[in-house]
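Some notes on the structure that comes next.
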Amino acid sequence: MAIFGRSALLLAFVAAAVGICLALGAHSRRSRSWQASAERAVYATFAFTTLAVGTLWAGLLGDHFELRNVADYSNRALPTRFKFSALWGSQAGSLLLWCWILSIFAALAVWLNRRRNRELMPIVVAILMGVAIFFTGVLSFVTSPFETLASTPADGTGLNPLLQNPYMVIHPPLLYLGYVGLSVPFAFAMAALVTRRVDTQWIVAVRRWTILSWLFLGSGILLGSRWAYEELGWGGYWAWDPVENAALMPWLVATAFLHSVMVQERRGMLKVWNMSLVTLTFSLSLFGTFLTRSGLLSSIHAFGQSTLGPYFLGLIIVVAGGAIGLIISRLSSLRSEHGLESFVSREGIFLFNNLLLVGLAAIVFFGTMYPVFTEATVNRKIAVGPSYFEQLAVPIGVALLILTGVGPLVAWRKASLAQLRRRFVAPLVVAVVGGALLILTPAWDHWVAGLVFTAGIFVVACVTGEFIRGTQTRHRLGGVSWPGALIQLVSRNRRRFGGYIVHLGVVLVFVALAGSKSFAKETDLALLPGESADAIGYTFVNECLPAGVTPPAGQPNPCPRVSNANERSVVLRLGVFKDGKRVVTLTPGRRIYVVSQQPSTEVGLSSTPARDYYAVLNEMIPGKAAKLSVFINPLVMWLWLSGLLIVFGGLVAAWPTRRATRLARAAEPSGTQVA
């Protein structure tokens, strides 16, 4: 099995190298046959990488403990779904996943462009295979996922308890789909520069790639937050951890890129800026991979000390340096076709939006890397706290939220006063009235939350107005029902109205963040069985039975102790009451994993649209008071619901229209062979 896996990776390395040579030869010779061979090498790289992944999965699922990765990250008692996800629980396995997704995307890019963008494809193939050579080379010669042990243990160590969570089955693959997906827009951008085809052709080719990669990365970030919320037991979901920040930065810059390319498509502007954004986005995705493997910064998400940091740093330097040099050499071809006529225009608003997003990414980068900077200057690592990020991010975030409503409603080139009045008077009135009503609630006791809620009302009013106006027009002219008019409106303007749905999701994100941060309450309790305590407006009751008392016949133990081959666990039953009425029952617990003897906290959680009831069992010793931490977190549910809305809007925006499909097919020469 080890020999088979290593051989598959070596063959993938060779196929990628051959693909680069053939692709560069196809570009210089303008040879269709060479390009066909280069693309077959891409498919071969995908096939061999798939064999390697399948081999490691077979090792994990079959308990082949002669493989170090299996012995260190699995055991016989581990549930099957976690054996499956153990592939990316290790450093080498996660790199193999990265490489496999890259090979899938490269093969998909080649197949989707088999009859279009033919002038760009040789360079696209060369760049994607260049990245594939790096990963297959690292996996073949530096850190192999198929390393074997001198003697085979009877059982493995098992997966880290923190990773034995359903969200960890999907969270890392989603992040990697986002990270790796951003390589395709980068490859097309560099191909456009090399071939001097810097019009909108490459942007059209990568628009859906960028949207889907952005959605994958954002979904991965959100699921990672959910994992931290449920698994780490600290009452929060975002701690400005270095690896969390590393995923956030490329997402922010990709958001800027998605808005900025619309200006280039419509007005032929910001060409240098867009090339810079796509380069920065991919470089930051590599930087996120670098941070988890370099040991440069301590993080609960990182793989600890590693020798891979210099390799990834070298790759980032090559990618960023090569792209910058190429952009500089093509400056004459990247001149804007039009100038900015007015800051009060859609392109002006998008430019402000871009500057804020990139500025926020820069703030996050500086705060994340501050310990490295201080170690280099004063020989001591000094980390900034969450307050640094929040104090700088909050005003930028509020400004971005407002621009989310303003940008799509402002006219291109230059907005007239009459247009602004027609579009914004009603949303402003709604926001002012909504803000005035909020003054009567506790929202304005925390002015930041009140400001965010008021800005959210403004954005919702702006977006709702667009849906109402468009539906009215289509209903009046098309003679269809109101629901039919709305469906037609969205289906025939998917990119525009899909973007509006995403903006509504963004409003929910801000509302949830502001509400949960501003109005959260917490307390620590120590309760004996049957004992109660009043705190933070509630009564909490430890409903476990006292020592020596057994439950009535036929009744389950309210605080069971469970033991199986994989774990031993204890659960506490906590009743939460308000004004004498039961509000909810929470069941926080603690687990000890048998093989590793590592403890894990199991949060007691009950979610409602208004608030989450959240309890953590810190200690439970028979005969002593159970020690708990209890949190009341308002509006957190809307953070998770926002993800569903953003994904839905993104899919609507990315979904091809019939007209676009017909135009693409019409552009394909009949009988064209794969070149």
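The values are calculated or read from the model by the stated rules, or taken from the named source; none is laboratory data. As the structure is a prediction and not an experimental result, all values here were calculated from the model. Here the Cβ positions follow ideal geometry from the backbone for every residue, glycine too, while neighbour counts run over all protein chains shown. For accessibility, only protein heavy atoms count, side chains too; no ligands or nucleic acids. Shrake-Rupley method; radii C 1.70, N 1.55, O 1.52, S 1.80 Å.
For a quick protection proxy, order the peptides 69-76, 379-386, 55-62 by their average other-Cβ count within 10 Å, most packed first. Before the final figure, lay out the partial values.
Values: 69-76: 24.2, 379-386: 11.5, 55-62: 20.0.
Ranked from most to least packed, the peptides come out as 69-76, 55-62, 379-386.
Distance between Cα centroids, the range 571-650 to the range 116-175: provide it in whole Å.
Using only Cα atoms, the two centres lie 34 Å from each other.
Please report the spacing between the Cα centers of the range 501-542 and the range 386-465 in Å, no decimals.
Here the two parts' Cα centres lie 26 Å apart.
Rounded to the nearest 0.05, what FRET efficiency do GLU119 and SER151 have when you use their Cβ-Cβ distance and R0 = 56 Å?
Numbers: r = 56 Å, r/R0 = 1.01.
That gives a FRET efficiency of 0.50.
For LYS521, list the lysines whose Cα falls under 23 Å from its own Cα; do not include residues on the same chain fewer than 8 positions away.
Partners within reach: LYS578, LYS581, LYS627.
Round to a whole number: what % of the accessible area of the range 175-238 belongs to carbon and sulfur, probe 1.4 Å? List each step's numbers first, then the result.
On the way: 1020 of 1600 Å².
Taking all protein chains in place, the range 175-238 shows 64 percent carbon and sulfur surface.
If I stretch the segment between ARG561 and ALA36 completely, what's the gain in nm (0.36 nm per residue apart, minus their alpha carbon distance), one decimal?
Working: separation 525, 0.36 × 525 = 189.00 nm, distance 6.27 nm.
Computed gain between ARG561 and ALA36 is 182.7 nm.
Going by a 4.7 Å Cβ-Cβ cut-off, which cysteines of the chain have no partner at all?
For the chain, the answer is CYS21, CYS99, CYS462, because their Cβ atoms have no other cysteine Cβ under 4.7 Å.
Would you work out what percent of the accessible area of the range 364-413, with all protein chains in place, is carbon or sulfur (probe 1.4 Å)? Don't jump to the answer; show the numbers that get you there.
On the way: 1570 of 2470 Å².
That share works out to 63 percent.
Can you bin the range 43-145 into rounded, prolate or oblate? Criterion: square roots of the alpha carbon gyration tensor eigenvalues sorted a ≥ b ≥ c, rounded for a/c under 1.5, prolate for a/b above b/c, oblate for the rest. The partial results should precede the final answer.
On the way: a/c = 3.50, a/b = 2.31, b/c = 1.51.
Taking the square roots of the gyration eigenvalues as a ≥ b ≥ c, the range 43-145 is prolate.
Once fully extended, how much extra length lies between LEU428 and THR473, figured as 0.36 nm per residue of separation less the alpha-carbon to alpha-carbon distance?
Value of the extension gain: 13.9 nm.
In vacuo Debye scattering of the range 337-449, one point per C-alpha: log10 I(q)/I(0) at q = 0.13, 0.18 Å⁻¹?
Calculated log10 I(q)/I(0) at the listed q: -0.73, -1.00.
Which one, VAL169, SER151, ALA205, is farthest towards the positive end of the dipole of the range 108-242 when Lys and Arg carry +1 and Asp and Glu -1 on their Cβ?
In the range 108-242, that residue is ALA205.
Within 12 Å, Cβ to Cβ, of SER140, how many net charges do the neighbouring residues add up to if Lys/Arg are +1 and Asp/Glu are -1? Before the final figure, lay out each step's value.
Details: positive: ARG6; negative: GLU147.
Net charge in that neighbourhood comes out at 0.
Mind giving me the nanometre distance, one decimal, between the label points for TRP111 and ASP534, set 7 Å out from Cα along Cα→Cβ?
About 6.6 nm, to one decimal.
In nm, to one decimal, how far is the ILE104 label point from the PHE648 one, both placed 7 Å along Cα→Cβ?
2.5 nm
Any lysines with Cα under 27 Å of the LYS271 Cα? List them, leaving off those in the same chain fewer than 8 positions away.
Counting by Cα, and skipping residues close in sequence, LYS271 has these lysines nearby: LYS414.
Please report the spacing between the Cα centers of the range 243-274 and the range 3-61 in Å, no decimals.
Here the answer is 31 Å between Cα centres.
For LYS521 paired with SER28, estimate the spin-label separation in nm (one decimal), with each label point 7 Å from Cα along the Cα-to-Cβ line.
7.3 nm
Roughly how compact is the range 484-545, stated as its Cα Rg over 2.2 N^0.38 Å to two decimals?
That works out to 2.17 for the range 484-545.
Please give the calculated 222 nm ellipticity per residue for the chain, where each DSSP H segment of at least 4 residues contributes -39500 (n - 2.57) and the sum is spread over every residue; nearest 500 deg cm²/dmol? Show your work: numbers first, answer last.
Working: 20 runs with 418 residues, N = 675.
Helix contribution divided over all residues of the chain: -21500 deg cm²/dmol.
Can you run phi through the Karplus equation (6.51, -1.76, 1.60; θ = phi - 60°) for the range 80-89 and list ³J(HN,Hα) in whole Hz, with x for Gly and Pro?
4, 5, 7, 5, 4, 7, 5, 4, 9, x
Any idea of the accessible area per residue across the chain, 1.4 Å probe, to the nearest Å²?
On the way: 29510 Å² over 675 residues.
Here the per-residue accessible area is 44 Å².
On a full-extension model of 0.36 nm per residue, what is the gain between THR550 and TYR370, subtracting their alpha-carbon distance, rounded to one decimal in nm? Display every interim value, and only then the final one.
On the way: separation 180, 0.36 × 180 = 64.80 nm, distance 5.62 nm.
Extra length available between THR550 and TYR370 comes to 59.2 nm.
Once the Cβ-Cβ distance between ARG582 and ARG496 is put in as r, and R0 is 51 Å, what FRET efficiency do you end up with, to the nearest 0.05? Don't skip to the answer; put the middle values down first.
Numbers: r = 48 Å, r/R0 = 0.94.
Efficiency, from the Cβ-Cβ distance: 0.60.
Based on the alpha-carbon gyration tensor of the chain, what equivalent-ellipsoid semi-axes (square roots of 5 times the eigenvalues) come out, in whole Å, largest first? List each step's numbers first, then the result.
Details: eigenvalues 378, 280, 98 Å².
With the √(5λ) rule applied to the chain, the semi-axes are 43, 37, 22 Å.
Given Cβ point charges of +1 (Lys, Arg) and -1 (Asp, Glu) and nothing else, what value in debye, to the nearest 20, does the dipole of the range 366-461 about its Cα centre take? Intermediate results must be reported in sequence, preceding the final value.
Numbers: 7 positive and 3 negative charges, 111 e Å.
For this selection, approximately 540 debye.
Within the accessible area of the range 439-490, what % is carbon and sulfur when the probe is 1.4 Å and the other protein chains stay in place? Intermediate results must be reported in sequence, preceding the final value.
Working: 2030 of 2820 Å².
It is 72 percent, rounded to a whole number.
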